[in-house]
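What follows is one structure encoded as structure tokens, with my remarks underneath.
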Amino acid sequence: MTADRVFQICNSIAPLAWILLVFFPRWKWTKIIILQGIVPLILGLVYLSLIVLFFGEGEGDFNSLNGVMKLFTNPWTVTAGWIHYLAFDLFIGSWEVSNSKKLGIKHYLIVPALLLTFFFGPIGLLLYFLIRAIKTKKLLHENF
């Protein structure tokens, strides 16, 4: 299997998971495969496999911007990096759905945060925190 094929498969799974989170958050299968962390876990296992198989094959390091740019010239490293983002952003989106439900925040209010989390990761998380603070009138929460 090529790096491009692994990329395509993982990049096709993630949007489907996000559709479930945004449009069907209370559906039984969304709860099982997304909110329980199965899809982020699968993406994490693919990521782990790529790191074990291909880490160190390219040039570069994490010590400088130049070093990181060199790391991402290898197709396998770029694929692993992208899967890293897919897995973590989806995990954060799942947490936003679970946390908002626990706090009694209506789902439609967090949809913009979910969309931003899908496309821009931390910006969506920041919006979720803002929505949560406004709706609960608390900046910080004991149960994060």
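What follows draws every value from the coordinates through simple rules; no lab data is involved. No experiment lies behind these values; they were computed from the predicted model shown. Cβ sites come from the backbone with ideal geometry, for glycine too, and all protein chains shown count toward neighbours.
General observations
- A Cβ distance below 9 Å, combined with a sequence gap of six or more or placement on separate chains, defines the contacts here; from segment 47-70, residues that are surrounded by 12 or more Cβ atoms within 10 Å (Cβ to Cβ) reach residues that are in a loop (DSSP other than H, G, I, E, B) and of a type in the set (A, V, I, L, M, F, W, C) in the pairs G58/F72; G60/F72; V68/F62.
- Candidate set: segment 12-57, residues that are part of a helix (DSSP H, G or I) and among the polar types (S, T, N, Q); chosen: the one nearest to L109 (Cα to Cα): T30
- Residues that are assigned to a helix (DSSP H, G or I) and surrounded by 15 or more Cβ atoms within 10 Å (Cβ to Cβ), drawn from segment 99-110: N99, S100, K101, H107, I110
- Screening segment 5-18 for residues that are within 13 Å of the chain's Cα centre (by Cα) and surrounded by 13 or more Cβ atoms within 10 Å (Cβ to Cβ) and picking the one that is nearest to F118 (Cα to Cα) gives W18.
- Residue in segment 21-36 that is exposed (fewer than 12 other Cβ atoms within 10 Å of the Cβ) and of a type in the set (S, T, Y) present: no
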